[in-house]
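Comments concern the structure below.
Every read-out reported here was derived from the displayed coordinates using simple, explicitly stated rules and does not represent laboratory data. Keep in mind that what you see is a predicted model, and the values were worked out from it rather than measured. Don't worry about glycine lacking a Cβ; one is built from the backbone with ideal geometry, like all the others, and counts go over all protein chains shown.
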Amino acid sequence: MTLARILVVDDEPGYLKLLRYNLESKGYDVITASGGQEALSLAARERLDLIILDLRLRDLDGYEVCRRVREFSFVPIVMVTARGEERDKVRGLRLGADDYITKPFGADELLARVEAVLRRGRLSVAELRPVIKTGDIIIDSSRHKVSKGGQELKLTPTEFRLLHCLAVNVGKVVVQEDLQEKVWGPEYREYYEGLRVFIRRLRQKIEQDPDHPARIVTVPGVGYMLTAPPEGPV
């Protein structure tokens, strides 16, 4: 049985072949692209469950591919970066990527990362509260929909899980390590930079003034809290 359909984008033939072999050996349906323009074309017309995207492409870099994909799709994206390039990871996450893996990497690390990202995308109503309403924000897990003030918000699966976790604990501080484990998985308990980027992305979508957040507040050295909205007049 095919587990998921994955688009792998890399302009190094050796890596492309290796990635395809490792993923197909575990039952994934894999299609490949060796350039950014080809990747965008495939992403627009194919049903995909995941994109593995190298940032260093010759015709159109991975940042631009990620940005353009996010204009029409919220398919999970795993960036492939060079070792030690922390700024590349942060920039990619801010543009809408869901995770990253660093070259060189082994088959076990690749497969674990892929499964973790796909697991976050498989939203289960059984594990999520069906509907949460806090102020003008409504989270509908059964339809994977979030609205604010009657306007639908476009959230990636990871952003959705993060907001849901905060909303379940509205008015309470959620320790950052707990957030990381509940949203990303136990292997991400030290995913501090990634968590900060995703909090920033959520603030851009739900705050009136993201630079001075009132709904998602930081409790320095502890974690984050979704504040309870003020009660209106009776």
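Worth a mention:
- Sparsely packed trypsin sites (Lys or Arg not before Pro) within the stretch 165-216, loop by DSSP, other Cβ within 10 Å at most 12: 172
- Comparing 62, 171, 92 in a Gaussian network model of the chain where C-alpha atoms under 10 Å apart are linked, the largest mean-square fluctuation is found at 171.
- In loop segments of the stretch 1-92 as defined by DSSP, the GluC sites (Glu not before Pro) with at most 14 further C-beta atoms inside 10 Å of their C-beta are 46, 71.
- Gained length - residue 207 relative to residue 42, 0.36 nm times residue gap less alpha-carbon distance: 56.0 nm
- Net charge of neighbours whose Cβ lies under 15 Å from the Cβ of residue 23, counting Lys and Arg as +1 and Asp and Glu as -1: -3
- Using a Gaussian network model of the chain in which every pair of alpha carbons under 10 angstrom is joined by a spring, one finds that among 217, 78, 146 the greatest mean-square fluctuation is at 217.
- Full-extension gain in nm, residue 131 to residue 200, via 0.36 nm per residue minus C-alpha separation: 22.5 nm
- P(r) tail, the chain: Cα-Cα pairs separated by more than 34 Å, 17% of all pairs.
- Applying both filters, DSSP loop and at most 10 other Cβ atoms within 10 Å, to the trypsin sites (Lys or Arg not before Pro) of the stretch 14-77 gives 47, 58.
- Placing a label point 7 Å from the Cα of residue 214 along the Cα-to-Cβ direction, the residues of the stretch 142-160 with a backbone N closer than 20 Å are 147-153.
- For residue 153, residues with placed amide H under 5 Å, excluding near neighbours: 146, 147, 148
- Helix-only mean residue ellipticity at 222 nm for the chain, each DSSP H run of n ≥ 4 adding -39500 (n - 2.57), per residue, nearest 500: -11500 deg cm²/dmol
- FRET efficiency for residue 190 and residue 64, using Cβ-Cβ distance with R0 set to 25 Å, rounded to 0.05: 0.25
- Length gained when the stretch residue 102-residue 222 is fully extended (0.36 nm per residue, less Cα-Cα span): 40.4 nm
- Close amide H pairs (under 5 Å, H built 1.01 Å from N) link residue 32 with 8, residues at least 5 positions away or on another chain.
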